[in-house]
Amino acid sequence: MLPGFKYNPNALLLGVIKKETTICPVCKFKREYKYDGPFYSLEDVEGICPWCISDGSAAKMYDGEFQDPANCDEVEKEKYIDELMHRTPGYVSWQQEYWLSHCGDFCAIVQYVGWEQIKHLEEELSEDIASICTDYDLTQEEFQKCLLNEGSLQGYLFKCVRCGKHRLYVDSN
């Protein structure tokens, strides 16, 4: 059974954990799952198993991070930052991943989305959508047309780990 990740509970669905045999460079065990996402380290490391992400040994061994701390919302506690940077698989984005927060803690990434996948959350996401429209100089209607899963304006749906509120981040290719 795969380890659970507070901030990335859907790593397999998101494709950053893949069912593919590997010899993990950290634990040296033959594993049936490997990490295929961002890892910031001086060394080019491949084939890390989810268990060595979960226990922090991969980040420690390679003095690396699974998320760039400069590309995260602020949170209340250092332990949240440590868990996200060193014990949570990242996600893949067009430009640079950005991790949202809510209620003083990081949110969990839920899925990659286009407008069709989130239109039922329009009211809940209204603040994020307004901010995105301002940042990208889009009208609400233009935003809805442009936001396509695997399109040039890609959405990333997050969910607060404390209250369950959804948040939205986007980037473009």
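General remarks:
- Here residue 9 clears all of (1) under 25 Å from residue 173 (Cβ atoms); (2) within 12 Å of the chain's Cα centre (by Cα); (3) assigned to a loop (DSSP other than H, G, I, E, B); (4) touching a residue at least 40 places away in the same chain (Cβ under 8 Å) except the condition numbered (1).
- Those residues of region 132-169 which are surrounded by 14 or more Cβ atoms within 10 Å (Cβ to Cβ) and over 20 Å from residue 91 (Cα atoms), in sequence order: 133, 136, 138, 143, 144, 146
- Residue in region 73-84 that is surrounded by the fewest Cβ atoms within 10 Å (Cβ to Cβ), counting only those that are at pLDDT 95 or above and part of a helix (DSSP H, G or I): 82
- Any hit, region 105-112, residues being over 18 Å from the mean Cα position of the chain (by Cα) and surrounded by fewer than 19 Cβ atoms within 10 Å (Cβ to Cβ): no
- Failed condition for residue 50, given (1) touching a residue at least 40 places away in the same chain (Cβ under 8 Å); (2) surrounded by fewer than 17 Cβ atoms within 10 Å (Cβ to Cβ): (2)
- Screening residue 70 with (1) within 28 Å of residue 21 (Cβ to Cβ); (2) surrounded by fewer than 18 Cβ atoms within 10 Å (Cβ to Cβ); (3) of a type in the set (A, V, I, L, M) gives one miss only, at (1).
The values are calculated or read from the model by the stated rules, or taken from the named source; none is laboratory data. Because the structure is predicted, anything quoted here is derived from the model rather than measured. Using ideal geometry, Cβ is built from the backbone for each residue, glycine included, and neighbour counts are taken over all protein chains shown.
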